[in-house]
Amino acid sequence: MKNVISVRDLEDMVRRGADLSALPAEAILTPSARDYLHELEANGGRKAAVKPAAASGAAASAKPQPPAKPLSSKSPKAELEVFFQSAYALDLKQQICEMGRRLWQRAYVDGNGGNMAIKVGDDIAICTPTLVSKGSLKPEDMCLVDFDSNQLLGTKKRTSEILMHLQIMQQQPKAIATCHCHPPYATGFAVAGIVPPTCMLPEYEVFCAVAVAPYRTPGTPEMGKLVADLVDKHNTILMANHGVVTWSHNGIEEAYWRMEIIEAYCRTLMVTAQLGVTPNTFTPDQLKDLLKIKQSRGYVDPRYGLKECELCDNDEWRPGVTCQAPAKTETAVGLNPEAEAAVQAITDQILAKLK
Ligand SMILES: [Zn+2]
């Protein structure tokens, strides 16, 4: 498929500091994109940009590389400063800003809610600041922290929820990026304390492995620990009465994708439940195929190696019949007349014997 490049794509590339001469040879430029490139040339800013596409053909990527020697919280401050201002760090910061915009546009965050982090050394991470909407993040807002949540660099104060991200990274060495927000449908499941039922949609099976962590006050070590306890075999944690946190071994965009996938899944489940029929689910063989794909991508899942009959065990959730839940409560408090009569009869018998 041919790649059509618009002026907005080019502007984005310039913003990200990408090399315009690395545009794919087969790329088609829209007329305004071509004008934009000519303008850049006229300004003398990006001479290389003008003979990108068709002419150069070289697809050499200008992707910034991480430092040759891994950094840590023990690295000299000057080294950390150089790193924090490097093209590589800038690229990561811009990725966080972009994911923040997507979170905000999709209404997965509210107020200054939501936060993200990317591991950039043995025990250090770049993270979002506190009290800034994820819709208006700028690269210069980002912070550098160590794994004890001490702020090492950055002018804005780090997010108050950073500890949870760091605890996930410490517990799960594969977790190099973490994303937390409050998407309404998935958060609804978190408030209800319900793990969404499985075996209904492929993307969810492949990308997400979900568990619910009990509620604790946000930002406390206790809360982070309860989440981190689950990340060995789960990459998407519903935080009871709070929101969702995801992690990825590939990068912040994938952690963000998990957010989109679980939110779309929970929304779809709500529609399915309203249709009033028992949903069709995957057969064990169909699920096994998906789990094979999942494993080949290096994603965690607690179901690897389970017996067939255990693969689609959704006992915790019965779509369409959740309205029966209050009936149980009624029975328990004695509002069911039949149960009440039975209890009364037994009580009467016991009392009669005692006389
Ligand atoms: Zn939160």
(1) surrounded by fewer than 20 Cβ atoms within 10 Å (Cβ to Cβ); (2) farther than 25 Å from residue 74 by Cβ: which one isn't true of residue 156, the others all being true?
(2)
For the list (1) within 21 Å of residue 75 (Cα to Cα); (2) surrounded by fewer than 24 Cβ atoms within 10 Å (Cβ to Cβ), I need the number of the one condition that residue 117 fails.
(2)
Hits in segment 202-222 - residues which are in contact with a helix residue (DSSP H, G or I) (Cβ under 6 Å, 6 or more places away or on another chain) and either under 22 Å from residue 290 (Cβ atoms) or surrounded by 15 or more Cβ atoms within 10 Å (Cβ to Cβ) (or both)
202, 203, 204, 205, 206, 207, 208, 213, 216
Select from segment 199-226 the residues that are assigned to a loop (DSSP other than H, G, I, E, B) and touching a Ser or Thr at 6+ places or on another chain (Cβ under 8 Å) and write down the one among them that is nearest to the ligand (Cβ to nearest atom).
218
Could you list, ordered by first residue, the pairs with Cβ atoms under 7 Å in which the first is in segment 141-152 and in contact (Cβ under 8 Å) with a residue 24 or more places away in the chain and the second is in a strand (DSSP E or B) and acidic (Asp, Glu), at least 6 apart or interchain?
152/146
Would you confirm, using the coordinates I've provided, whether residue 103 is crowded, with 18+ Cβ neighbours inside 10 Å and among the hydrophobic types (A, V, I, L, M, F, W, C)?
yes
Residues satisfying the stated conditions in segment 130-153, i.e. surrounded by 15 or more Cβ atoms within 10 Å (Cβ to Cβ) and either touching a His at 6+ places or on another chain (Cβ under 9 Å) or more than 20 Å from residue 111 (Cα to Cα) (or both):
144, 145, 146, 147, 149, 151, 152, 153
Within the group 228, 213, 190, which residue is of a type outside the set (Val, Ile, Thr), more than 28 Å from residue 283 (Cα to Cα), in contact (Cβ under 8 Å) with a residue 12 or more places away in the chain and touching a strand residue (DSSP E or B) at 6+ places or on another chain (Cβ under 7 Å)?
213
If you check 109, 195, which single one turns out to be surrounded by fewer than 21 Cβ atoms within 10 Å (Cβ to Cβ) and not in a strand (DSSP E or B)?
195
Tally up the residues in segment 114-145 that are away from the ligand (no atom under 16 Å from the Cβ) and not in a loop (DSSP other than H, G, I, E, B), please.
12
Filter segment 169-191 down to residues that are of a type in the set (Ser, Thr, Tyr) and within 13 Å of the ligand (Cβ to nearest atom) and give me whichever is surrounded by the most Cβ atoms within 10 Å (Cβ to Cβ).
178
Per the filter on segment 276-290, residues free of Cβ contacts under 8 Å to residues at least 24 places away in the same chain and either on the phi > 0 side of the Ramachandran plot or β-branched (Val, Ile, Thr) (or both) are 283
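Read the figures in this text as sums done on the coordinates, not as results from a lab. All figures in this text were calculated on a predicted structure; none of them were measured in a lab. FYI the Cβ positions are ideal-geometry reconstructions off the backbone, even for glycines, and counts take in every protein chain you see.
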